[in-house]
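Each remark here refers to the structure printed beneath this line.
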Amino acid sequence: MKTAIVILNWNGQKLLEEFLPSVINFSANLAEIYVADNASTDTSIQYVKTFYPSVNIIENKSNGGYAKGYNDALAIVEADIYCLLNSDVAVTKNWLIPVLSVFEKELKTAIVQPKLIDLKDKNKFEYAGAGGGFVDLYGYPYCRGRVFNTIEDDTGQFNENAEIFWASGACFFIRSKTYHEIGGLDEDYFAHQEEIDLCWRAQNIGYNVKYVGSATVFHLGGATLHETNPQKTYLNFRNSLFNVVKNVPTKWFLFVLFARLLLDGIAGLKFLFELRPIHTFAILKAHISLYKNFYKFLKKRKKLQKKQDYNLHTSIVWQYFILGRKKFRALK
């Protein structure tokens, strides 16, 4: 299978200097490597052209964020398998082999994520994807190895391959046929959780999402927006609500939506009591955006609803904050 690794870049020369060499050293024999630039104003593209002429360069006309940036780039990349790779990810020797093997053997598997380890502490899983992602009944995302802000040590507990609900956008493999069949990433998200929506839509039409524990990458994380940034809070809450409106099965929809708005309100109060009002306002802003875009996403929902059943933990908020279940395998 022809594989393309596509690294989205925006003013990221320092990241490319640090992380691009590992991608080339451990991937060039099995994949074509691309840097898709989102209208950078630094010299990152000139740097790649000068020092890594074998790397293909795609120059997008504007910075449309993660979603539009990849949609624009992948429209002109010819490959059977796309790997959407963050510019702050270091890959490891032979990392592609087990991933491509899954694609070759499992025709219903359309999306794959490797194990994500924290580059800053290589004994721990990395926040953005860890050992593969899930969502609870209310659309809140969490991972094997990371529930809210509790991050587990990697002791080999997630070394096996497993079906998951969503794959991290930090290192996201997808069949090109599937990507284009379901319309690519939703550009209304701009950034954050659009990969969850993409996985959800793929599963709605019968594809599987898989975690491959024998492939490991190291993710720096927070290179674009740090978790303390209120813009990140805004995008995460808003886009998670977009996921609910687009994808939650009809039998749960109204209950989940109203419960979710209430839970978000409680989260806003929590930020207020923690003297972080700027994050409370970010949640309020996210809800206002949902109301403004509600009918638009309701129309998207009508086009997407096919698969009505999915098995999710009832409430990750209840289990984590009330019952004190901090690790993935303690969840019920």
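Bear in mind these aren't lab numbers, they're just calculated from the coordinates by the rules spelled out. If you're wondering where the values come from, they're calculated on a predicted model, not measured in any experiment. Note that each Cβ is placed from the backbone with ideal geometry, even for glycine, and that neighbours are counted across all protein chains shown.
Got a sec? Charge dipole of the stretch 3-219, +1 on Cβ for Lys and Arg, -1 for Asp and Glu; which of VAL48, GLN13, PHE26 is way out at the positive end?
PHE26
Go through 131-137, 9-15 and give me the packing order, highest mean Cβ count within 10 Å leading.
Taking the mean over residues of other Cβ atoms within 10 Å, the ranking is 131-137, 9-15.
If I stretch the segment between ILE205 and ASN149 completely, what's the gain in nm (0.36 nm per residue apart, minus their alpha carbon distance), one decimal?
Between ILE205 and ASN149, full extension yields 17.0 nm more.
To the nearest 10 degrees, how steeply does helix 230-247 sit against the main Cα axis of the chain, on a 0 to 90 scale?
80 degrees
Measure out, as a whole number of angstrom, how far apart the alpha-carbon centroids of the stretch 118-195 and the stretch 19-84 sit.
Going from one Cα centre to the other spans 21 Å.
Assign unit charges at the C-beta atoms only (+1 for Lys and Arg, -1 for Asp and Glu), then state the dipole size of the chain relative to its Cα centre in Debye, rounded to the nearest 20.
1300 debye
Which whole-Hz couplings ³J(HN,Hα) result when phi for each residue of the stretch 175-191 is put into the Karplus expression 6.51 cos²θ - 1.76 cosθ + 1.60, θ = phi - 60°, listed in order with x for Gly and Pro?
So the Karplus estimates, Gly and Pro as x, are 5, 4, 4, 5, 3, 7, 4, 9, x, x, 6, 7, 6, 5, 7, 6, 7 Hz.
Straight-line reach from LYS285: which lysines have a Cα under 30 Å away, not including same-chain ones fewer than 8 places off?
LYS61, LYS68, LYS232, LYS246, LYS251, LYS270, LYS296, LYS299, LYS300, LYS302, LYS303, LYS326
Can you run phi through the Karplus equation (6.51, -1.76, 1.60; θ = phi - 60°) for the stretch 69-81 and list ³J(HN,Hα) in whole Hz, with x for Gly and Pro?
Per residue, the Karplus-derived 3J(HN,Hα) values read x, 6, 4, 5, 5, 6, 5, 10, 9, 9, 6, 7, 10 Hz.
Dividing the convex hull volume of the Cα atoms of the chain by its residue count, what figure in Å³ per residue is obtained?
131 Å³
Of PHE258, PHE237, PHE158, how do they rank once you tally other Cβ atoms within 10 Å and put the fewest first?
Taking fewest neighbouring Cβ atoms as first place, the list is PHE258, PHE158, PHE237.
Order of 185-195, 141-151 by packing, highest average Cβ count within 10 Å first?
185-195, 141-151
What does the C-alpha gyration tensor say about the overall shape of the stretch 230-330? Classify as rounded when a/c is under 1.5, otherwise prolate if a/b is larger than b/c, or oblate.
oblate
Could you rank the peptides 113-119, 75-81 by their average count of other C-beta atoms within 10 Å per residue, with the highest value first?
For the peptides 113-119, 75-81, the packing ranking is 113-119, 75-81.
Fewest to most neighbouring Cβ within 10 Å: what's the order for LEU20, LEU262?
In order of increasing Cβ crowding within 10 Å: LEU262, LEU20.
What percentages, rounded to whole numbers, describe P(r) for the stretch 53-180 computed over all alpha carbon pairs with 10 Å bin width beginning at zero?
P(r) over the stretch 53-180, rounded to whole percents: 11, 39, 36, 14, 1.
Where a ≥ b ≥ c are the square roots of the eigenvalues of the C-alpha gyration tensor, would you call the stretch 117-235 rounded, which needs a/c under 1.5, or, failing that, prolate if a/b is larger than b/c, or oblate?
The shape class here is oblate.
Could you state the angle between the C-alpha long axis of helix 194-204 and the longest principal axis of the C-alpha atoms of the chain, as a value from 0 to 90 degrees rounded to the nearest 10?
It is inclined by approximately 80 degrees.
Nearest 10 degrees is fine. How inclined is helix 96-105 to the longest principal axis of the chain, computing both from alpha carbons?
70 degrees
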